[in-house]
1. Enumerate by residue number the GluC sites (Glu not before Pro) in the stretch 38-89 meeting two conditions: DSSP loop (anything except H, G, I, E, B), and at most 12 other Cβ atoms within 10 Å of the site's Cβ.
2. Karplus couplings for the stretch 48-60 from phi (6.51 cos²θ - 1.76 cosθ + 1.60, θ = phi - 60°), rounded to Hz, Gly and Pro as x?
3. Considering only protein heavy atoms, with the full assembly of protein chains and a 1.4 angstrom probe, order S214, S225 by accessible area, largest first.
4. Considering the dipole of the chain built from charges on the beta carbon (Lys and Arg +1, Asp and Glu -1) around the Cα centre, which of M224, A245, M131 is farthest to its positive end?
5. Extension gain T198-S57, at 0.36 nm per residue separation less the Cα-Cα distance, in nm?
6. At q = 0.11 Å⁻¹, what is the base-10 log of I(q)/I(0) for the stretch 19-97 according to the Debye formula with one equal point scatterer per Cα and no solvent? Please give it to two decimals.
7. Take the chain, drop everything but the C-alpha atoms, weight them equally and run the Debye formula without solvent; then report log10 I(q)/I(0) at 0.11, 0.17 Å⁻¹ to two decimals.
8. Which one, G151, A166, M49, is farthest towards the positive end of the dipole of the chain when Lys and Arg carry +1 and Asp and Glu -1 on their Cβ?
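The values are calculated or read from the model by the stated rules, or taken from the named source; none is laboratory data. Keep in mind it's a predicted model, so treat the numbers as computed, not measured. Ideal geometry is used to build each Cβ from the backbone, glycine not excepted, and the neighbour counts take in all protein chains shown. These area figures cover heavy atoms from the full protein model, side chains too; ligands, DNA and RNA do not enter into them. Shrake-Rupley method; radii C 1.70, N 1.55, O 1.52, S 1.80 Å.
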Amino acid sequence: MRKPVIAGNWKMYKLHAEAVNTALALKPLVANANHCEVVIAPVFTALKMVVDRLEGSNIKVAAQNCATENEFGAHTGEVAPSMLKDIGCSHVIIGHSERRQFYGETDETVNRKTKAALIAGLTPIVCVGEMLAEREAGQAENIVKGQLASGIEGLTVADMRRIIIAYEPVWAIGTGKTATPEQAQEMHGYIRQIMAETHGELIAGGIRILYGGSVKPDNIESLMSQPDVDGALVGGASLEADSFAKIVNYGR
Ligand code: PGA
(Lines give C-alpha, C1' and ligand atoms only; values in the text may rest on other atoms or scores of the structure.)
Protein backbone atom coordinates (compact mmCIF):
# COMPACT_ATOMS: atom_id res chain seq x y z
CA MET A 1 0.00 0.00 0.00
CA ARG A 2 2.85 2.42 0.80
CA LYS A 3 5.45 2.29 -1.94
CA PRO A 4 8.88 2.60 -0.34
CA VAL A 5 11.11 5.54 -1.20
CA ILE A 6 14.89 5.29 -1.22
CA ALA A 7 16.38 8.76 -1.49
CA GLY A 8 20.03 9.73 -1.72
CA ASN A 9 21.04 13.06 -0.21
CA TRP A 10 24.31 14.09 -1.82
CA LYS A 11 24.68 17.11 0.46
CA MET A 12 27.44 19.54 -0.60
CA TYR A 13 29.44 16.96 -2.55
CA LYS A 14 30.28 16.52 -6.23
CA LEU A 15 31.07 19.02 -8.98
CA HIS A 16 28.49 18.90 -11.73
CA ALA A 17 30.42 16.49 -13.97
CA GLU A 18 30.88 14.03 -11.15
CA ALA A 19 27.22 14.30 -10.20
CA VAL A 20 26.24 13.44 -13.78
CA ASN A 21 28.68 10.53 -13.83
CA THR A 22 27.32 9.10 -10.60
CA ALA A 23 23.75 9.49 -11.83
CA LEU A 24 24.59 7.76 -15.12
CA ALA A 25 26.38 4.95 -13.28
CA LEU A 26 23.34 4.51 -11.05
CA LYS A 27 20.84 4.37 -13.89
CA PRO A 28 21.38 0.77 -15.07
CA LEU A 29 21.99 -0.49 -11.53
CA VAL A 30 18.50 0.49 -10.36
CA ALA A 31 16.65 0.17 -13.67
CA ASN A 32 14.66 -2.84 -12.40
CA ALA A 33 13.82 -1.38 -9.03
CA ASN A 34 10.05 -1.31 -9.34
CA HIS A 35 9.50 -2.07 -5.69
CA CYS A 36 10.40 1.47 -4.65
CA GLU A 37 10.76 5.04 -5.79
CA VAL A 38 14.36 6.05 -6.33
CA VAL A 39 15.30 9.68 -5.69
CA ILE A 40 18.65 11.46 -5.70
CA ALA A 41 19.34 14.95 -4.41
CA PRO A 42 22.39 16.61 -5.96
CA VAL A 43 23.50 20.19 -5.23
CA PHE A 44 21.68 23.02 -7.01
CA THR A 45 24.41 23.51 -9.61
CA ALA A 46 24.08 19.94 -10.84
CA LEU A 47 20.29 19.60 -10.76
CA LYS A 48 19.42 20.55 -14.32
CA MET A 49 22.15 18.45 -15.89
CA VAL A 50 21.30 15.43 -13.79
CA VAL A 51 17.59 15.79 -14.58
CA ASP A 52 18.35 15.99 -18.30
CA ARG A 53 20.63 12.99 -18.30
CA LEU A 54 18.15 10.88 -16.32
CA GLU A 55 15.23 11.63 -18.60
CA GLY A 56 13.20 8.50 -19.25
CA SER A 57 14.74 6.65 -16.31
CA ASN A 58 13.07 5.62 -13.06
CA ILE A 59 15.28 7.93 -10.98
CA LYS A 60 13.67 11.11 -9.71
CA VAL A 61 15.57 14.21 -8.75
CA ALA A 62 15.20 16.25 -5.57
CA ALA A 63 16.63 19.56 -4.45
CA GLN A 64 18.06 19.76 -0.94
CA ASN A 65 16.36 23.02 -0.02
CA CYS A 66 14.08 25.68 -1.46
CA ALA A 67 12.81 29.18 -0.79
CA THR A 68 9.81 29.90 1.39
CA GLU A 69 8.13 31.67 -1.54
CA ASN A 70 7.20 30.83 -5.11
CA GLU A 71 6.63 34.38 -6.22
CA PHE A 72 9.64 35.75 -8.04
CA GLY A 73 11.15 38.71 -6.31
CA ALA A 74 14.01 40.23 -4.40
CA HIS A 75 15.22 37.13 -2.50
CA THR A 76 18.96 37.09 -3.12
CA GLY A 77 20.44 33.62 -2.92
CA GLU A 78 17.14 31.77 -2.86
CA VAL A 79 15.63 29.32 -5.34
CA ALA A 80 11.84 29.13 -5.59
CA PRO A 81 10.22 25.68 -5.53
CA SER A 82 8.53 26.61 -8.82
CA MET A 83 11.99 27.08 -10.35
CA LEU A 84 12.96 23.60 -9.21
CA LYS A 85 9.80 22.21 -10.73
CA ASP A 86 10.57 24.13 -13.91
CA ILE A 87 13.87 22.30 -14.41
CA GLY A 88 12.32 18.89 -13.76
CA CYS A 89 12.78 18.25 -10.05
CA SER A 90 10.00 16.21 -8.47
CA HIS A 91 10.98 16.33 -4.80
CA VAL A 92 12.61 18.68 -2.33
CA ILE A 93 14.19 17.90 1.04
CA ILE A 94 13.00 20.38 3.64
CA GLY A 95 14.27 21.01 7.17
CA HIS A 96 17.26 18.69 7.12
CA SER A 97 18.99 18.81 10.51
CA GLU A 98 22.11 20.35 8.96
CA ARG A 99 19.97 23.25 7.79
CA ARG A 100 18.34 23.53 11.20
CA GLN A 101 21.70 23.38 12.99
CA PHE A 102 23.90 25.51 10.75
CA TYR A 103 21.66 27.63 8.53
CA GLY A 104 18.97 28.94 10.79
CA GLU A 105 16.15 26.74 9.55
CA THR A 106 13.23 26.83 11.97
CA ASP A 107 9.96 24.95 12.27
CA GLU A 108 8.31 28.05 10.82
CA THR A 109 10.48 28.16 7.70
CA VAL A 110 10.02 24.41 7.31
CA ASN A 111 6.28 24.98 7.29
CA ARG A 112 6.47 27.82 4.76
CA LYS A 113 8.82 25.88 2.49
CA THR A 114 6.60 22.80 2.67
CA LYS A 115 3.57 24.83 1.62
CA ALA A 116 5.47 26.59 -1.16
CA ALA A 117 6.81 23.27 -2.44
CA LEU A 118 3.32 21.76 -2.51
CA ILE A 119 1.95 24.74 -4.42
CA ALA A 120 4.76 24.34 -6.94
CA GLY A 121 3.84 20.68 -7.43
CA LEU A 122 6.90 19.23 -5.70
CA THR A 123 6.83 16.41 -3.17
CA PRO A 124 8.33 17.70 0.07
CA ILE A 125 10.46 15.33 2.13
CA VAL A 126 10.05 16.94 5.53
CA CYS A 127 12.82 16.05 7.99
CA VAL A 128 12.44 15.75 11.74
CA GLY A 129 14.69 14.29 14.40
CA GLU A 130 16.07 14.80 17.86
CA MET A 131 19.61 15.57 19.03
CA LEU A 132 21.52 13.15 21.23
CA ALA A 133 21.07 15.25 24.39
CA GLU A 134 17.35 15.39 23.74
CA ARG A 135 17.14 11.62 23.40
CA GLU A 136 19.21 11.14 26.54
CA ALA A 137 16.89 13.48 28.39
CA GLY A 138 13.93 11.35 27.33
CA GLN A 139 12.66 14.13 25.08
CA ALA A 140 12.98 12.48 21.66
CA GLU A 141 9.27 11.96 21.13
CA ASN A 142 8.32 15.44 22.33
CA ILE A 143 10.87 17.07 20.04
CA VAL A 144 9.75 15.10 17.01
CA LYS A 145 6.11 15.74 17.81
CA GLY A 146 6.74 19.49 18.04
CA GLN A 147 8.76 19.63 14.82
CA LEU A 148 6.09 17.67 13.04
CA ALA A 149 3.16 19.68 14.35
CA SER A 150 4.76 22.98 13.30
CA GLY A 151 6.18 21.65 10.06
CA ILE A 152 2.84 20.47 8.70
CA GLU A 153 0.62 23.06 10.34
CA GLY A 154 -2.20 24.20 8.08
CA LEU A 155 -1.73 21.48 5.48
CA THR A 156 -4.90 20.16 3.90
CA VAL A 157 -5.80 16.49 3.65
CA ALA A 158 -4.83 16.62 -0.01
CA ASP A 159 -1.44 18.09 0.96
CA MET A 160 -0.92 15.37 3.53
CA ARG A 161 -1.38 12.72 0.86
CA ARG A 162 1.56 14.20 -1.01
CA ILE A 163 4.19 14.76 1.63
CA ILE A 164 6.89 12.37 2.81
CA ILE A 165 8.30 12.48 6.35
CA ALA A 166 11.93 11.62 7.08
CA TYR A 167 12.85 10.73 10.65
CA GLU A 168 16.53 11.40 11.07
CA PRO A 169 17.89 11.25 14.61
CA VAL A 170 20.68 13.82 14.55
CA TRP A 171 23.01 11.56 16.54
CA ALA A 172 22.85 8.97 13.77
CA ILE A 173 23.64 11.29 10.85
CA GLY A 174 27.11 10.81 9.44
CA THR A 175 28.27 9.17 12.66
CA GLY A 176 28.10 5.53 11.64
CA LYS A 177 25.72 5.09 14.57
CA THR A 178 22.44 3.88 13.13
CA ALA A 179 19.33 3.78 15.20
CA THR A 180 18.53 0.13 15.79
CA PRO A 181 15.63 -1.14 13.72
CA GLU A 182 13.64 -1.23 16.96
CA GLN A 183 14.46 2.41 17.77
CA ALA A 184 13.50 3.44 14.26
CA GLN A 185 10.27 1.46 14.42
CA GLU A 186 9.42 2.95 17.79
CA MET A 187 9.65 6.51 16.50
CA HIS A 188 8.04 5.75 13.14
CA GLY A 189 5.15 4.07 14.90
CA TYR A 190 4.85 7.09 17.16
CA ILE A 191 4.83 9.48 14.19
CA ARG A 192 2.13 7.45 12.50
CA GLN A 193 0.11 7.43 15.70
CA ILE A 194 0.34 11.25 15.93
CA MET A 195 -0.77 11.47 12.31
CA ALA A 196 -3.74 9.25 13.05
CA GLU A 197 -4.73 11.50 15.95
CA THR A 198 -4.37 14.72 14.00
CA HIS A 199 -5.33 13.70 10.47
CA GLY A 200 -7.15 10.38 10.79
CA GLU A 201 -6.28 6.76 10.11
CA LEU A 202 -6.48 7.06 6.35
CA ILE A 203 -3.81 9.76 6.09
CA ALA A 204 -1.71 8.08 8.78
CA GLY A 205 -1.87 4.76 6.98
CA GLY A 206 -0.83 6.24 3.66
CA ILE A 207 1.95 8.63 4.63
CA ARG A 208 5.46 7.42 3.97
CA ILE A 209 7.98 7.75 6.76
CA LEU A 210 11.62 7.36 5.78
CA TYR A 211 14.45 6.64 8.18
CA GLY A 212 17.74 8.51 7.84
CA GLY A 213 21.04 8.27 9.70
CA SER A 214 23.94 6.05 8.68
CA VAL A 215 21.87 3.83 6.41
CA LYS A 216 24.20 1.39 4.65
CA PRO A 217 23.88 -1.63 2.36
CA ASP A 218 24.29 -3.91 5.38
CA ASN A 219 21.59 -2.38 7.58
CA ILE A 220 18.90 -1.37 5.08
CA GLU A 221 17.20 -4.75 5.09
CA SER A 222 16.68 -4.89 8.83
CA LEU A 223 15.42 -1.29 8.84
CA MET A 224 13.02 -1.98 5.97
CA SER A 225 11.71 -5.06 7.75
CA GLN A 226 10.06 -2.78 10.30
CA PRO A 227 6.37 -2.24 9.61
CA ASP A 228 6.44 1.56 9.81
CA VAL A 229 9.73 2.17 7.99
CA ASP A 230 8.77 3.06 4.43
CA GLY A 231 12.16 3.85 3.01
CA ALA A 232 15.40 5.66 3.69
CA LEU A 233 17.07 9.01 3.28
CA VAL A 234 20.69 8.10 2.71
CA GLY A 235 23.64 10.47 2.96
CA GLY A 236 27.19 9.10 2.85
CA ALA A 237 26.30 5.73 1.36
CA SER A 238 24.43 7.37 -1.53
CA LEU A 239 27.52 9.09 -2.93
CA GLU A 240 28.78 5.97 -4.69
CA ALA A 241 26.48 4.45 -7.30
CA ASP A 242 27.33 0.88 -6.26
CA SER A 243 26.55 1.29 -2.59
CA PHE A 244 23.41 3.34 -3.21
CA ALA A 245 22.21 0.74 -5.73
CA LYS A 246 22.69 -1.98 -3.12
CA ILE A 247 20.52 0.00 -0.74
CA VAL A 248 17.85 0.56 -3.41
CA ASN A 249 17.91 -3.15 -4.26
CA TYR A 250 17.70 -4.28 -0.64
CA GLY A 251 16.63 -7.86 -0.16
CA ARG A 252 17.08 -8.63 -3.86
P1 PGA B 1 24.12 9.75 6.54
O2 PGA B 1 23.21 11.05 6.29
O3 PGA B 1 23.46 8.62 5.81
O4 PGA B 1 25.46 10.09 6.00
O5 PGA B 1 24.12 9.51 8.02
C6 PGA B 1 21.82 10.97 6.27
C7 PGA B 1 21.23 12.34 6.00
O8 PGA B 1 21.79 13.33 6.50
O9 PGA B 1 20.22 12.48 5.29
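1. Details: sites: E55, E69, E71, E78; in loops: E55, E69, E71, E78.
Counting only loop positions with at most 12 other Cβ atoms within 10 Å, the GluC sites (Glu not before Pro) in the stretch 38-89 are E55, E71.
2. These are the phi-based 3J(HN,Hα) values: 5, 5, 5, 4, 4, 6, 9, 3, x, 8, 9, 9, 9 Hz.
3. S225, S214
4. Positive-end residue among those listed: A245.
5. 47.1 nm
6. Each listed q maps to, in turn, -0.30.
7. -0.53, -1.36
8. So the residue we want is M49.
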